[in-house]
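Taking it in order: structure first as structure tokens, then the write-up.
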Amino acid sequence: MSETMILNLARQSLETLLLITTPMLVVGMTVGVTVSILQVVTSIQDATLAFVPRAIAVFVVFLVSLPWIIHQCVNYTTVLFSNFGQYTR
């Protein structure tokens, strides 16, 4: 297995990881910033108020995007196993 092939495999793995996690990260960041702005405006400083809406939003996005995530993982695994002969040389 050449260095180019290893780097290509690592790049594909990281691209798939970023593609899968991006929706949850963006929603978590958006909800977190929104709640933080609301806390500053209303002067309510409660730790659970910052955590609970973000956790719920990320969980909902995870449930909604789960079929798509599974599809992406299956596609990546299929491509990886179909090219398995190239990795053993």
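Kirkwood radius for the chain, taken over all pairs of different Cα atoms as the inverse mean of 1/r, rounds to 15.7 Å. Annotation: extensible slack from Asn8 through Leu80 equals 24.8 nm (criterion: 0.36 nm per residue apart, minus Cα-Cα distance). Protein heavy-atom accessible surface, 1.4 Å probe, per residue over the chain: 74 Å².
Between Thr22 and Met1, the contour length at 0.36 nm per residue exceeds the alpha carbon distance by 4.5 nm. For the chain, the longest principal axis of the alpha carbon atoms and the long axis of helix 3-42 meet at an angle near 10°. Taking every DSSP helix (H) stretch of at least 4 residues in the chain, weighting each as -39,500 (n - 2.57) and dividing the sum by the residue count yields a mean residue ellipticity at 222 nm of -32000 deg cm²/dmol.
The values are calculated or read from the model by the stated rules, or taken from the named source; none is laboratory data. Just so you know, these numbers come straight off a predicted model, no measurement behind them. Areas reflect the complete protein model, heavy atoms only, side chains present, ligands, DNA and RNA absent. Shrake-Rupley method; radii C 1.70, N 1.55, O 1.52, S 1.80 Å.
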